[in-house]
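What follows is one structure encoded as structure tokens, with my remarks underneath.
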Amino acid sequence: MKRILALSAFLALGACGQAAEKPAEAVPGTVTVADAWCRPTPNGAKAGGCYVTLTAGSDDRLLSVSTALAESAQIHEMKMENGVMSMGELKDGLPLPAGQKVELKPGSTHVMLMGLRDPLVDGGVASFTLTFEKAPAIGVHAAIKQPPVVDSEE
């Protein structure tokens, strides 16, 4: 009897150790959204940028963005070519590999709101909807705030 109890305790502890070491898995067919925010626009600006981190549970693709805040919204990519910064729409969307965080951030891939109806004001909230190839659409409520200041002395 003591051997059975000892073996049971050993197996239980072993299972607990394995569970603790195994990372949480994303759920197939879903996309999680984290750290959504938009940059405030200066007076009169008709375009604004929004940023978010997406993690898909299975291979997927961000196809489009829609919002009532602007005439249109696009998934944009910024890149440097021959010393010139260029920006343009990802017409085929943005691939989301399973289980990998895909960060839309300043100076890189981002959501571009064009033809803003009103300025994006610091302290406000910008709402938009992300549409995916496989996962259900997700409504996002992003804080409008200044980007974090990066200390250049580090």
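The values are calculated or read from the model by the stated rules, or taken from the named source; none is laboratory data. Bear in mind the structure is a predicted one, so any value in this text is a computation, not a measurement. Note that each Cβ is placed from the backbone with ideal geometry, even for glycine, and that neighbours are counted across all protein chains shown. Protein only, heavy atoms only, side chains kept; ligands, DNA and RNA dropped before computing areas. Shrake-Rupley method; radii C 1.70, N 1.55, O 1.52, S 1.80 Å.
Some points to look at:
- Number of residues in region 74-83 that are of a type in the set (A, V, I, L, M) and open to solvent by 40 Å² or more (accessible area, probe 1.4 Å) equals 2.
- Matching residues in region 123-154 - criterion: being open to solvent by 60 Å² or more (accessible area, probe 1.4 Å), at pLDDT below 95 and of a type outside the set (A, V, I, L, M): Q146, P148, D151, S152, E153, E154
- Positions within region 40-60 being surrounded by fewer than 19 Cβ atoms within 10 Å (Cβ to Cβ) and closer than 16 Å to V111 by Cβ, in sequence order: P40, A45, K46, A47, T53
- The one condition from (1) surrounded by fewer than 13 Cβ atoms within 10 Å (Cβ to Cβ); (2) hydroxyl-bearing (S, T, Y); (3) in contact with a His (Cβ under 9 Å, 6 or more places away or on another chain) that S86 does not meet is (3).
- Test: residue in region 64-73 that is within 16 Å of A143 (Cβ to Cβ) and either touching a strand residue (DSSP E or B) at 6+ places or on another chain (Cβ under 8 Å) or crowded, with 18+ Cβ neighbours inside 10 Å (or both): yes
- Residue that is nearest to A36 (Cα to Cα) [pool: residues in region 71-122 that are modelled with pLDDT of 95 or more and among the small types (G, A, S)]: A73
- Scanning region 67-104 for residues that are more than 15 Å from the chain's Cα centre (by Cα) and of a type in the set (G, A, S) turns up A68, A70, S72, A73, G83, S86, G88.
- Checked against (1) at pLDDT 95 or above; (2) open to solvent by 40 Å² or more (accessible area, probe 1.4 Å), A19 meets all criteria but (1).
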